[in-house]
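Accompanying notes for the structure given below.
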Amino acid sequence: MAAAMAWLRRGAWVPARRCGLGTGRNYSGGGAYPGVSLTCPLPGVPKAVFATAEGRERFETRVTVLENGLRVASQKKFGQFCTVGLLVNSGSRHEAKYLSGISHFLEKLAFSSTAQFASKDEILLTLEKHGGICDCQASRDTIMYAVSADTKGLDTVVNLLADVALQPRLSDEEVEMTRMAIRFELEDLNMRPDPEPLLTEMIHAAAYRDNTVGLNRFCPLANTDKIDRGVLHSYLRSYYTPERMVLAGVGVQHEQLVECARRHLLGVEPVWGSGQSRDVDRSVAQYTGGIVKVEKDMSDVSLGPTPIPELTHIMIGLESCSFLEEDFIPFAVLNMMMGGGGSFSAGGPGKGMFTRLYLNVLNRHHWMYNATSYHHSYEDTGLLCIHASADPKQVREMVEIITREFILMAGAVGEVELERAKTQLKSMLMMNLESRPVIFEDVGRQVLATNTRKLPHELCALISQVKPTDIKRVVTKMLHKKPAVAALGDLTDLPSYEHIQTALSSKDGRLPRIYRLFR
């Protein structure tokens, strides 16, 4: 008996006679299990409770519209922390009737002193109690205030966001500090070894000359002293209205988020007043095409023991489509198929080493330092462009290589490379959407633009449906547009805009030959 009790304490054996499994003892402490049935419950072990498969409602984004027009969107996600933010349909594209650079100022002034919080330090200390961090980002069409914090502090977070967006003090001291920060950023922008932010501004200015998304995202140096509290309030009065806002949350209960929104964002009087002066710019983007050139000495951009050689940077783009159109998915697949990168890009699975710009450009032309495809998409237009970098003496050859790649886009698309591009696009989509802040931005931007959200599995299904004929169709349509060109550096050998346009209209993408008597 004592021996039997000792075995039981170690969980060593159970009689199996009751389940009709024979008369032998079955030991669970290791070794063989003669005649054990996995369907027979074990004595003394609590009955297992199995998880049930939940319906699609767990994954769907819920949207509620408040009485004042503010939209509240939420997405469930397991975890102790949540990301909540306020997105405003406002950005540099809406500054045509105002001084350029207001959105840049608002981005820098975010989370400064408000009606409830005396300083930025006080805001950060409040967030610290809930393990929170905050950030503000301004793009061409959206300004986004976001906070990540413990879900228990949801009410505090929503109250803070409402105060930051609707009750900023915009003191003279804060505005002056922002001017200094912007001047430093503009100076730093022109000194960076990586010219991609500057080229992106230039290609937009060339593609949409003096309208909407072609307006400068950075504040021009001449406007830093002109923008003050009065100018900011005039802009905020027009664009910071409830119907142009979305309160988005990930990792929160929808009902709780709606309750907090009602408490802190419904019937709130903004600090600039609620006058009827709402001069909202509803202009549709007008694609113009064109060229923007900046002659610049790039020889001393990156000095040191391993300096980057002097390079000339070219970006050529063509109009694609808006993210609301059906062709957006084929363009996204095309962009992934083109891929590319720099000469120092690390290889490995999923790094795009089999994309066209790697195989056809970087692998074949050792003197090319960079060849990368970008796709910018907005609610009424889009831009597909290729950025390339090389030595100033080889600019003409580099431009011809890029124009040839544009023409080859309309040619045959291999089944293998298309499937690879679609798989890589789906992989990147799903990998990025594992991050809570990325889910938040996706929810907020989609609801702001369409009042609903396409779920990842819906997007993956659309990606899977893309065929070679879809790629050829969208490229053929794109190649009928005038090109947009941005050029930075030593542009002595840069072909003329007319020659680039001719190359993109030809069958092989070659530039017209130039015959010189003397070189």
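The values are calculated or read from the model by the stated rules, or taken from the named source; none is laboratory data. Source: prediction; values computed, not measured. Here Cβ is always computed from backbone atoms with ideal geometry, including for glycine, and neighbour counts include all displayed protein chains. Calculation scope for accessible area: heavy atoms of the full protein, side chains included, ligands and nucleic acids excluded. Shrake-Rupley method; radii C 1.70, N 1.55, O 1.52, S 1.80 Å.
An ellipsoid equivalent to region 434-519, defined through the eigenvalues of its Cα gyration tensor, has semi-axes of 42, 19, 11 Å when rounded to whole angstrom and sorted largest first. Normalised by 2.2 N^0.38 Å, where N is the number of residues, the C-alpha radius of gyration of region 290-505 stands at 1.07. Applying 1/(1 + (r/R0)^6) with r as the Cβ-Cβ distance of R364 and D172 and R0 = 60 angstrom yields a FRET efficiency of 0.55. In this simple spin-label model, placing a label point 7 Å from the Cα along the Cα-to-Cβ direction at both M430 and S299 gives a separation of 5.2 nm. Treating only the Cα positions of region 393-438 as identical point scatterers, give the base-10 log of I(q)/I(0) from the Debye formula at each q in 0.23, 0.32 Å⁻¹. Results for region 393-438 at q = 0.23, 0.32 Å⁻¹ read -0.81, -1.03. Within the chain, the whole DSSP H helices whose Cα atoms reach 24 Å or more along their own axis and whose mean Kyte-Doolittle score is at least -0.5 are 415-432.
Quick note on region 383-506: its Rg to Rh ratio, both from C-alpha atoms and Rh being the Kirkwood radius, is 1.06. Summary of the geometry: region 484-513 and region 215-259, compared by the centres of their Cα atoms, lie 40 Å apart.
Placing a label point 7 Å from the Cα of Q137 along the Cα-to-Cβ line, the residues of region 375-403 whose backbone N sits under 16 Å from it are 375-378. The distance between label points at T64 and D194 comes to 4.1 nm (points 7 Å beyond Cα on the Cα→Cβ vector). For E243 and H457, a Förster radius of 30 Å and the Cβ-Cβ distance give a FRET efficiency of 0.50, rounded to the nearest 0.05. Ordering of 180-191, 202-213, 462-473 by packing is 202-213, 462-473, 180-191, highest average first (other Cβ atoms within 10 Å, averaged per residue). Take the convex hull of the alpha carbons in region 61-266; its mean projected area over all directions comes to 12.2 nm². All distinct Cα pairs of region 91-211 go into the 1/r average, and the inverse of that average, the Kirkwood radius, is 16.1 Å. Hydrodynamic radius of region 161-314 by the Kirkwood approach over all distinct alpha-carbon pairs: 19.5 Å.
Based on protein heavy atoms only, the chain ends up with 51 Å² per residue of surface accessible to a 1.4 Å probe. Taking only the Cα atoms of the chain, the radius of gyration and Dmax are 29.3, 112 Å.
Its Cα centre serving as origin, region 61-266 has a Cβ charge dipole (Lys and Arg +1, Asp and Glu -1) of approximately 640 debye. Length available on full extension from F184 to K152: 0.36 nm per residue minus the Cα-Cα distance, which gives 7.7 nm. Surface composition of region 61-266: carbon and sulfur make up 52 percent of the accessible area, probe 1.4 Å.
For the chain, relative contact order (Cα pairs under 8 Å, six or more residues apart, normalised by length) works out to 17 percent. Taking Cα centre as origin and charging only the Cβ of basic (Lys, Arg, +1) and acidic (Asp, Glu, -1) residues, the dipole magnitude of the chain rounds to 2240 debye. Ellipticity at 222 nm from helices only: DSSP H runs of n ≥ 4 in the chain, each -39500 (n - 2.57), divided by the residue count, give -10500 deg cm²/dmol.
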